[in-house]
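The values are calculated or read from the model by the stated rules, or taken from the named source; none is laboratory data. Note that the structure is a prediction, hence the values are computed from the model and not measured. All Cβ positions, even for glycine, are placed from backbone atoms using ideal geometry, and neighbour counts span all protein chains on display. Note: areas computed on protein heavy atoms with side chains; ligands, DNA, RNA excluded. Shrake-Rupley method; radii C 1.70, N 1.55, O 1.52, S 1.80 Å.
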Amino acid sequence: MSEMIIEPIEKYGLTITSDSKKKPLFSRIGVVGAGKEGRNIINMTATAGMEVVFLEESQERIDVVIKEIEKVMDHKIKNWGLTQAEKRIIMNRITPTLQYEDFAGCDMVIECTRFTEGGRRSTPLRKSIFKRLEEILDTDAIIATNGSVVIISELASELVHKDRCVSLYFPVAHPDARILEIVSGMYTSEEVYSKMEVFAKLINYKPHRINESNGNVSMRIMVNMLNEACQILLERVCSLEDIEETYTIIYGQRYGVFRMADIIGIERLVTLMEAMFNEFGEKHYKPNPILWKLYRSNQLGIRTGKGFYIYDENGNPVSVNKAVIN
């Protein structure tokens, strides 16, 4: 019997070395709260190949979230943007939970709690979420929040490892608005910011570095345009339709400014504008009376079926809401 020849198999890529055991950065992330923004983050990160754990307050809420995520994917399938097999793969990467302990091992957890306390996100609540996450996560895991008027330095101020905290803002005006505003606070380390640039590229977003400022860049621009458009409408200078056409045709925008407000959500805009007004004391951030009228009557845009426009069950505008200027 001839002698057996034994060769090392490392060069064939068949062995597991110590280096290959290291998981890639952002292989597993967490999301606290799965409202509209949270679901958007869950969807795009799972689509990018990341394992995603999301936490909700009840099984009923989890069922709603899963249904809404599948609804978005089914719409893509209908329009040939996704296959059934791809949907199954993506959904298998998404894990719901009711316990913070299931975030153990995550490279990053993003806080996306929904509006509370009369439409305002509670800073004390979010601080408590950050503290809870710090108890569970590894010391090098990133703790992030999602928002455009979030002061990340305040949320991080009571943590032991403050330098790991960062704020993110994902514009939601339309699917191609692929800019990620990465907000560095007083404590945010350069290493954490660099990691967030990698994260942005992994989900096919372009990172923009933002120094901590209420409203960041995108929302400060948006609310000024919206307030002025509302004032023109209030003065009856011209019709809502003509203002929209001026904005879309002359300036080449995808949506009119009122349509964009409905997409973002009137309640969100009013809340953010009030926060910016209180921060800067500038009158141009104060929500126009038309915005307050819609807000108080619960005509909040696409989510409620009425805002500046009236929407069908699929979220498509069917007519202008005449009650806006009456």
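Taking only protein heavy atoms and a 1.4 Å probe, the accessible area of the chain is 53% carbon and sulfur. Lys195 contributes about 40 Å² of solvent-accessible surface, heavy atoms of the protein only, 1.4 Å probe. Among Val160, Val32, Val198, the residue with the largest mean-square fluctuation in a Gaussian network model of the chain, with springs joining Cα atoms closer than 10 Å, is Val160. Spacing of the modelled spin labels on Glu86 and Glu68, each 7 Å from Cα toward Cβ, amounts to 2.3 nm. Result for the chain in a Gaussian network model with C-alpha springs under 10 Å: among Pro96, Pro171, Pro24, the largest mean-square fluctuation is at Pro24. Annotation: amide H of Asn146 within the under-5 Å range of Glu111, Leu168, sequence separation 5 or more or interchain, hydrogens built in the peptide plane.
Rg and Dmax over the alpha-carbon atoms of segment 36-135 stand at 14.7, 44 Å.
Between Leu234 and Leu202, the C-beta separation translates, for a Förster distance of 45 Å, into a calculated FRET efficiency of about 0.55.
The residues of the chain present an accessible area of 53 Å² per residue when probed at 1.4 Å with all protein chains retained. Mean projected area of the Cα convex hull of segment 184-321, taken over all directions, amounts to 10.1 nm². In terms of accessible area, using a 1.4 Å probe and ignoring ligands and nucleic acids, Cys238, Cys112 rank largest first as Cys238, Cys112.
Over the chain, what is the mean sequence separation of C-alpha contacts under 8 Å (at least six apart), divided by residue count, expressed as relative contact order in percent? Present the calculation step by step, with values, prior to reporting the outcome.
Numbers: 477 pairs, mean separation 35.7, N = 326.
11 percent.
Of Thr139, Thr83, Thr271, Thr123, the residue with the largest accessible area leads and the full order is Thr139, Thr83, Thr123, Thr271 (1.4 Å probe). Note on Rg and Dmax of the Cα atoms in Å: of the candidates [x] 24.2, 85; [y] 19.6, 64; [z] 22.6, 100, the value calculated from this structure sits at [z].
Restricting the count to DSSP beta bridges whose residues both fall in the chain, what percent are antiparallel, rounded to a multiple of 5?
Details: 9 of 36 bridges.
Just about 25 percent of them are antiparallel.
The gain in end-to-end length when the Val320 to Asn211 segment is fully stretched comes to 35.4 nm, 0.36 nm per residue minus the alpha carbon separation. Sorting Tyr247, Tyr255 by solvent-accessible area of protein heavy atoms yields Tyr255, Tyr247, largest first, with a 1.4 Å probe. Note on Glu134: accessible area is roughly 40 Å² with a 1.4 Å probe, heavy atoms of protein only. Backbone N atoms of segment 268-306 closer than 20 Å to the 7 Å Cα→Cβ label point of Ser122 belong to residues 268, 271-272, 275. With a threshold of 19 Å on the Cα-Cα distance, the over-threshold entries among Lys36/Lys67; Lys131/Lys206; Lys36/Lys306; Lys283/Lys306; Lys283/Lys322; Lys162/Lys195 are Lys131/Lys206; Lys283/Lys306; Lys283/Lys322.
Convex hull volume per residue, computed on the Cα atoms of segment 252-300, equals 81 Å³. Can you compute the modelled spin-label distance between Tyr193 and Thr97, with each label point 7 Å from Cα toward Cβ, in nm? In this crude label model, Tyr193 to Thr97 measures out at 3.0 nm. The residue among Cys106, Leu137, Thr47 whose Cα reaches farthest toward the positive pole of the charge dipole of segment 23-144, with charges on the beta-carbon of Lys, Arg, Asp and Glu, is Thr47.
Projected label points at Glu241 and Val160, each 7 Å from Cα along the beta carbon direction, are separated by 6.4 nanometres.
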